[in-house]
Every structure is written in structure tokens, then in C-alpha cells.
Amino acid sequence: MSQQLRARRSNLAVPGSSPKMLEKAKGLPADQVFMDIEDAVAPLAKPDARKNIVAALNEGGYEGKTRVVRVNDWTTQWTYADVIEVVEGAGANLDCIMLPKVQTADQIVALDLLLTQLEKSNGLEVGRIGIEAQIENAKGLINIDAIAQASPRVETLIFGPADFMASINMKSLVVGEQPPGYDVGDAYHYILMRILMAARAYDKQAIDGPYLAIKDLEGYRRVAGRSAALGFDGKWVLHPDQVAAANEVFSPRQDDYDHSEMILDAYDYFTSAAGGAKGAVMLGDEMIDEASRKMALVVSAKGRAAGMTRTTTFTAPEA
Ligand code: GLV
Ligand code: MG
């Protein structure tokens, strides 16, 4: 079963070729660490990267973080060996495999089958290791519904803006910004919304990809704010400085979190016999009903997953 409720506000990319960065990631407050054997690692460095990753996972120190390894995509010659070496070497200390450039549901099925065999032959719990699917080209986006449903292991659908822009011939200088000359609406809106619709339809997390201008924190916040506003659950971080920004942007604000918990308590009370079994009531100046409860559930779940504590309590009115 996939773990839908893991917090994934900040997803830290760490090249598997760098033992130093694998070590440093332990001390950073990212919700997820993903250790890369794909595009951040040169072909000649891939065999060592696998070994570094296995050693780092087994050494531990990533408590509280979701531990993910990004393998190479199925069109390369590396995928099977990436998966086998990492899962045989450190399967018990690994939460998910990230599969980049997913184009069809079969590619998820192939990874699922390989993981199942590896779990069986290594005495691991079958089905525990999840899959994170990166959507990075037109074919992947067109097939996203089938990809999302291809295995119960799929936990996230991730936008890969750099590869995606290249794949559709989009002109842009900085990932996440508007392509030059484009000033009508938002060039990424359709792609982000398509990923989000599939994520919500099939109960997956929607994750936004990297912002490459790592010194431009304001730009990071702006781009992260856009996907957070749409409903995305988190975003990649490429640099320690981006971690706090991601955690903040993808957490509810304290007053929104408090308000959501108040709505849940108030609605619970007013719909009960003691509260008059009412379906639509006033909470302060706001009218709340069943739809308000649903919206509050979303904010409350995000706040709880982020470890927030409420600062207000609901008191039932005097009868
Ligand atoms: C991430 O993998 C991207 O291509 O943006
Ligand atoms: Mg990519």
C-alpha cells in the first residue's frame, strides 16, 4: 500500500555521486531526500553513485525523512541494475524508487514486477517500496491517468519542468519562468493542472519539480507559490536555502490551519443532536456547511502532516 500521507513539502535532490552531499542531507529539514543516479550523475560516475547510495541508506541518519532513490529511465541501459543494486543492497532502508521520464503505464508495471521479485528474494515486505513517477514529456502527460493507476505502489506524480520544456520545444531561459515573448496566462498552467487532476482523481500526491536558479529565492517562492495555490503537495529543492521556503509555502499558514480545525469542530458540534442537527450554520461571520468541512479537511490534513499545532479551541455556545 502506498503511503499517501507522507509529508512531501520539500523534496531534496542529492547527487548519488557525492558522499559529502549525501551526508549533509541528513541534517537538513527536508521532508524527503531523493538520491540521484539519473541526470545529476555522469554516466561514468553511475556505478559509484549506486554504491554511495547503498552505503548512505544503510548507515542511516535520515530519520523522519522519506528516503527515495531516482534510477535511470527505462530507455537507458542502466535501470535494471540501478534498481537491483539499490534494493538488494539497502531495500529495508528505502521508501520509494523514483522513475524518471515515465511515458507509459507498462514502464510502471515493469518496475513494480522487478520490485516484487526483489522484495521476495531479499526477505522484504512485498509492496512496501513505493514508486514516484516523473512526468517529463508529452507522451507521459497524455498517458498520465493510466500511469497513475498502473500500480498501487505509485505515490506521487512529479512534474519535471526541464525535461518537459525540452520535450515540447518550449522556449525558456529559466525553468519555471515564462518563455520569452509569452505573456498570455501561464505557460505551465495546463501541464500543472493536468498532473494535479490525475493526482486527485487517483489519490496520489502532486509534486512540482526543480527551480534551477538556485540563488533566486524570491523566484523560487513565486514559482512554488503558484503550484501550492493550485493544490500541489510539494516541490523539489536543489539547494539547502530552498528547503525552508518549500516547507513554508506548502504548509498552511497558522491562522488558516487554526481556522480549519475550528470549522471541523464547529461543524461536528452543530450537525450533532446536541448542536441542533443543523447543516448550515454561522461560525463568526462565515456561513459553513458540508463543503466548508471538505475544504477544512484538506487544510487540516496538510497542517497535521506538517506537524502543526492549533492555537485556538472551539467552545460550544450556551444552550
Ligand atoms: C527534472 O527532472 C526535470 O527534468 O525538471
Ligand atoms: Mg528530468
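Selection of the range 140-152 for residues being more than 14 Å from ligand 2 (Cβ to nearest atom) and open to solvent by 10 Å² or more (accessible area, probe 1.4 Å) yields ILE142, ASN143, ASP145, ALA146, GLN149, ALA150, PRO152. Taking into account only those residues within the range 182-231 that are farther than 29 Å from PRO152 by Cα and among the aliphatic types (A, V, I, L, M), which is surrounded by the fewest Cβ atoms within 10 Å (Cβ to Cβ)? Here the residue is VAL184. The residue of the range 87-139 that is surrounded by the fewest Cβ atoms within 10 Å (Cβ to Cβ), among those that are hydroxyl-bearing (Ser, Thr, Tyr) and in a helix (DSSP H, G or I), is SER121.
Among residues of the range 236-255 that are more than 16 Å from ALA301 (Cβ to Cβ), those with a Cβ under 8 angstrom from a residue that is open to solvent by 20 Å² or more (accessible area, probe 1.4 Å) and part of a helix (DSSP H, G or I), sequence gap 6+ or separate chain, pair up as PRO240/LYS24; ASP241/LEU217; GLN242/LEU217; ALA245/LEU217; ALA245/ARG221; VAL249/ARG221; VAL249/GLY225; VAL249/ALA228. So, GLY64, is that one at pLDDT below 95, assigned by TED's automatic domain parsing to the domain that holds ASN137, away from ligand 1 (no atom under 16 Å from the Cβ) and assigned to a loop (DSSP other than H, G, I, E, B) or not? Against the criterion (at pLDDT below 95, assigned by TED's automatic domain parsing to the domain that holds ASN137, away from ligand 1 (no atom under 16 Å from the Cβ) and assigned to a loop (DSSP other than H, G, I, E, B)), GLY64 qualifies. Annotation: of all residues in the range 141-184 being within 11 Å of ligand 1 (Cβ to nearest atom) and touching a helix residue (DSSP H, G or I) at 6+ places or on another chain (Cβ under 7 Å), the one that is modelled with the highest pLDDT is PHE159.
Would you tally the residues in the range 244-289 being under 30 Å from ARG9 (Cα atoms), of a type in the set (Ser, Thr, Tyr) and in contact with a strand residue (DSSP E or B) (Cβ under 9 Å, 6 or more places away or on another chain)? Adding up the residues that qualify gives 1. Kindly indicate whether any position in the range 232-241 is touching a strand residue (DSSP E or B) at 6+ places or on another chain (Cβ under 8 Å), assigned by TED's automatic domain parsing to the domain that holds GLU136 and surrounded by fewer than 16 Cβ atoms within 10 Å (Cβ to Cβ). There is no residue in the range 232-241 that is touching a strand residue (DSSP E or B) at 6+ places or on another chain (Cβ under 8 Å), assigned by TED's automatic domain parsing to the domain that holds GLU136 and surrounded by fewer than 16 Cβ atoms within 10 Å (Cβ to Cβ). Exactly one residue out of GLY219, GLY209 is within 14 Å of the chain's Cα centre (by Cα) and of a type in the set (Gly, Ala, Ser): that is GLY209. Residues in the range 124-140 that are without any contact (Cβ under 8 Å) to a residue 60 or more places away in the chain, touching a helix residue (DSSP H, G or I) at 6+ places or on another chain (Cβ under 6 Å) and within 13 Å of ligand 1 (Cβ to nearest atom): 3 in all. Residue count for the range 67-86 under the criterion of being assigned to a helix (DSSP H, G or I), of a type in the set (D, E, K, R) and either outside the structural domain of GLY16 (by TED's automatic domain parsing) or open to solvent by 30 Å² or more (accessible area, probe 1.4 Å) (or both): the result is 1. Once the range 209-242 is narrowed to residues that are aliphatic (A, V, I, L, M) and in a helix (DSSP H, G or I), the residue that is farthest from ligand 1 (Cβ to nearest atom) is ALA229.
The values are calculated or read from the model by the stated rules, or taken from the named source; none is laboratory data. Given the structure is predicted, the values throughout are model-derived calculations rather than measurements. No Cβ is skipped: glycine too gets one built from the backbone with ideal geometry, and neighbour counts run over all protein chains shown. Please note that ligands, DNA and RNA were not included when accessible areas were found on the heavy atoms of the full protein model with its side chains. Shrake-Rupley method; radii C 1.70, N 1.55, O 1.52, S 1.80 Å.
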